[in-house]
Amino acid sequence: MSATRRIIIIGGGIVGLATAFKLGRRLPSAQITVLEKETEVCRHQSGNNSGVLHAGLYYKPGSAKARLAVGGIQEMIAFCREHGVPHEVCGKLVVAVDETELGRLNALHERGQQNGLQGLRLLNREQMREIEPHVGGVAALHVPQEGIVDYPKVCGILQQKISERGGRVVTGAKVIRLQPQSNGWLAQSKAGDFETDFLVNCDGLHCDRVGELAGEKREVRIVPFRGEYYKIKRERQHLVRNLIYPVPDPQFPFLGAHFTRLIHGGIEAGPNAVLAFAREGYRKTDFNAADFFDALTFSGLWRFLARHKRMSWEELKRSFSRRLFCESLQRLVPEIRQEDLETGGAGVRAQAMSPDGTLVQDFCFQQSRRVLHVLNAPSPGATASLAIGEEIVCMAAGQL
Ligand SMILES: Cc1cc2nc3c(=O)[nH]c(=O)nc-3n(C[C@H](O)[C@H](O)[C@H](O)COP(=O)(O)OP(=O)(O)OC[C@H]3O[C@@H](n4cnc5c(N)ncnc54)[C@H](O)[C@@H]3O)c2cc1C
């Protein structure tokens, strides 16, 4: 690597912060600046997720997701141990609710083995109830390597480490224009102008738009899928010990509503996956005209809706009906009742969609002259963030 002096990372979520952290370690003399539009870091996906450490069970062998989740979980756990971040490797059950799901459960087991996960075990009904006494279903896959963590705390430590090494995290700095210059870029933001030799775009829900500011074509677009959660009432939390997941539908990158024990106590159920009318639409009523227009004029979305009418409609109905949400949870834990559920928070996934209406399954990076864009970093992006940061450093090495 040569003597690049200035590097700007746009986006202060966990991926942007992990990238800045890794770049600072690799290039100690570089000036690293993170520009974040909000008044603090970690306000979007990184602060509104399930808080689960994913070990790489689901992803196609050889994909970036598989590679970076398998390596990333180890690195994340080591980071948490070193910096005192609350976390726990509590293990997870993926539950086949009836015989029709056994084939997919077995396929998941094989995939996990191909990805190098250790200690996976297929369990019968009695064995799975020793781990989760209230679980329903006919069989389960036990994934002992997975766990729970406080991702906002991870972001806080990353921010602190970046500053300790002389880097800066500038908040209130929404980037509104990017001008190419002979040696790099001028990033114009709401907190002033910043010159840089190299740019990294880690903008989550807005990464395609920031890419466009840098002159890229917006072929793949971000489509926001809101994930809503319920909390389980305190007196019923004994129904779930740790993590209980359904067998996911392989057509979608979403894992299905699950039960999650939170690292600071409590049990959450969710998230669903509803198309949102705003990229930062955390409430059902949130509407953003620009985002809505953007989505309506994207042919990919229409193709997606035509292909997945039923799923999209079912998700919408489930979003408005506690009864339907509860019914899907009862498939995993039959004793759960509607009155056990209290409305919880929500997160919005930045999911890239191709013009043909397919959801981009893998992490997606794109490099041009003096810029690297992260164009798809959905789950397990938080688990894999440190590994993604390292990947970005390696990919950009030739230009740094
Ligand atoms: C409901 C849900 C559940 C999930 N569960 C898990 C899980 O259990 N485990 C897991 O590993 N992953 C999970 N994920 C995925 C994980 O949260 C993401 O992969 C990860 O947070 C992505 O981080 P990011 O930094 O790319 O995005 P973000 O955290 O969204 O950060 C992007 C940042 O860019 C900023 N920004 C945008 N535009 C601009 C601009 N123009 N100028 C300056 N700043 C800008 C935003 O304000 C934001 O802070 C989940 C995600 C969701 C939504």
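A short reminder: the numbers here are calculations on the coordinates, not readings from a lab. Keep in mind that this is a model prediction, so the values were computed, not measured. Note: ideal-geometry Cβ built from the backbone for every residue, glycine included; neighbour counts use all protein chains shown.
Quick notes on this one:
- Using C-alpha pairs under 8 Å with a sequence gap of at least 6, the mean separation divided by the residue count of the chain gives a relative contact order of 24 percent.
- Student exercise, segment 73-138 dipole from Lys, Arg, Asp, Glu Cβ charges, in Debye to nearest 20: 80 debye
- The charge dipole of segment 31-168, taken about its Cα centre with unit charges on the Cβ of Lys, Arg, Asp and Glu (plus for the first two, minus for the last two), comes to roughly 460 debye.
- The label point for Gln338 and the one for Arg25, both projected 7 Å from the Cα toward the Cβ, are 5.1 nm apart.
- Considering only Leu316, Leu305, Val220, and ranking their Cα positions along the charge dipole of the chain that arises from unit charges at the beta-carbon of Lys, Arg, Asp and Glu, the one farthest toward the positive end is Val220.
- Each Lys or Arg adds one and each Asp or Glu takes one away; over the other residues whose Cβ falls under 14 Å from the Cβ of Lys217, this sums to -1.
- Between segment 105-136 and segment 195-259, the Cα center-to-center distance that results, in Å: 25 Å
- Karplus-derived 3J(HN,Hα), 6.51/-1.76/1.60, for each residue of segment 42-54, Hz, glycine and proline x: 6, 8, 10, 3, 5, x, 9, 10, 7, x, 9, 8, 8
- Maximal additional length on extending the Met395-Ser63 stretch stands at 117.9 nm, based on 0.36 nm per residue less the C-alpha distance.
- A cut-off of 5 Å between modelled amide H atoms, ignoring neighbours fewer than 5 places along the same chain, links Ile263 with Val149.
- Fully extending the segment from Ser354 to Ser312 would add 13.4 nm, taking 0.36 nm per residue of separation and subtracting the current Cα-Cα distance.
- Amide H within-cut-off set for Asn376, under 5 Å, with H built and near neighbours excluded: Cys364
- Under the convention that each Lys and Arg Cβ holds +1 and each Asp and Glu Cβ holds -1, the size of the dipole of the chain around its Cα centre is about 420 debye.
- Residue-wise HN-Hα coupling along segment 177-185, computed from phi with Karplus coefficients 6.51, -1.76, 1.60 (Hz; x: Gly, Pro): 8, 10, 10, x, 10, 4, 10, x, 9
- Summarised as an ellipsoid, the chain has semi-axes of 36, 24, 19 Å, derived from the eigenvalues of the Cα gyration tensor scaled by 5 and square-rooted, with the largest first.
- Extension reserve of the Leu305-Arg218 stretch, reckoned as 0.36 nm per residue once the Cα distance is removed: 29.3 nm
- Length-normalised contact order for segment 182-222 - Cα pairs under 8 Å, 6+ apart - percent: 25 percent
- Note on the chain: dipole from Cβ charges, positive end direction compared against Met128, Val95, Gly156; the farthest Cα belongs to Gly156.
- Computed from Cα atoms, the angle from the helix 14-26 axis to the main principal axis of the chain rounds to 50 degrees.
- Kirkwood Rh in Å, taken over segment 307-400 so that all alpha-carbon pairs contribute: 16.9 Å
- When Rg and Dmax are taken over the Cα atoms of segment 153-192, they come to 13.1, 39 Å.
- Here's how it looks for Gly345: its modeled amide H is under 5 Å from those of Tyr229, which are all 5 or more places away or on a different chain.
- Calculated FRET value between Thr100 and Phe320, using beta carbons and R₀ = 25 Å, to 0.05: 0.35
- Checking the Cα-Cα distances for Lys65/Lys190; Lys190/Lys231; Lys92/Lys231; Lys60/Lys92 against a 30 Å cut-off, the pairs over it are Lys65/Lys190; Lys190/Lys231.
- Here the Karplus relation 6.51 cos²θ - 1.76 cosθ + 1.60, evaluated at θ = phi - 60°, turns the backbone of segment 228-239 into coupling constants of 9, 10, 10, 9, 8, 4, 3, 6, 10, 5, 5, 6 Hz, with x for every Gly and Pro.
- The distance linking segment 280-308 with segment 152-186 is 29 Å (Cα centroid to Cα centroid, whole angstrom).
- Against the chain, whose longest principal axis comes from its Cα atoms, helix 309-320 is set at around 80 degrees.
- Calculated on the Cα set of segment 196-317, radius of gyration then Dmax: 17.7, 56 Å.
- Formal net charge of residues neighbouring Cys80 (Cβ-Cβ distance under 11 Å; K, R +1; D, E -1): -2
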